[in-house]
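Take a look at the structure below.
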Amino acid sequence: MNKDKTLVNFKKAQSHINKIIKMVEDGDYCINIMQQNLAVIGLLKSAHQMLMEEHLNTCFAKAMSTSNEKRKKEMTEEILKLIKLYNK
């Protein structure tokens, strides 16, 4: 996994969130707060995408290449559940 890039995104998001909290506490202009919030959402979506790609290319691919039908079904159900959560 490209762990470094994923961690960078999470750390940037954390930094932005701390900034947003301070902005809200200080009563900053709403549009500026929303712009920072959108930046966090973008970073988290990007990190999610990296994690999903890594999972599909490793764990999921490995499970699909086996003859264990139960495991294949479980892995597919996990992905579908995650997609549903993402789309809420």
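What follows draws every value from the coordinates through simple rules; no lab data is involved. These numbers come from a predicted model, not from an experiment. Here the Cβ positions follow ideal geometry from the backbone for every residue, glycine too, while neighbour counts run over all protein chains shown.
Annotations for the structure displayed:
- Around the Cα centre of the chain, unit charges on the Cβ atoms of Lys, Arg, Asp and Glu (plus for the first two, minus for the last two) sum to a dipole of about 280 debye.
- Paramagnetic reach from L82 in the range 9-49 [backbone N under 13 Å; point 7 Å along Cα→Cβ]: 47-49
- Considering only M23, C59, T6, and ranking their Cα positions along the charge dipole of the range 1-64 that arises from unit charges at the beta-carbon of Lys, Arg, Asp and Glu, the one farthest toward the positive end is C59.
- Nearest-ten-degree value, helix 30-55 long axis tilted from longest Cα axis of the chain: 20
- For the chain, the longest principal axis of the Cα atoms and the long axis of helix 69-86 meet at an angle of about 20 degrees.
- Cβ crowding within 10 Å ranks L56, L51 as L56, L51, fewest other Cβ atoms first.
- Size descriptor for the chain, Kirkwood hydrodynamic radius: 15.2 Å (Cα pairs only, one decimal).
- Relative contact order (%) - the chain, alpha-carbon pairs under 8 angstrom, separation at least six: 32
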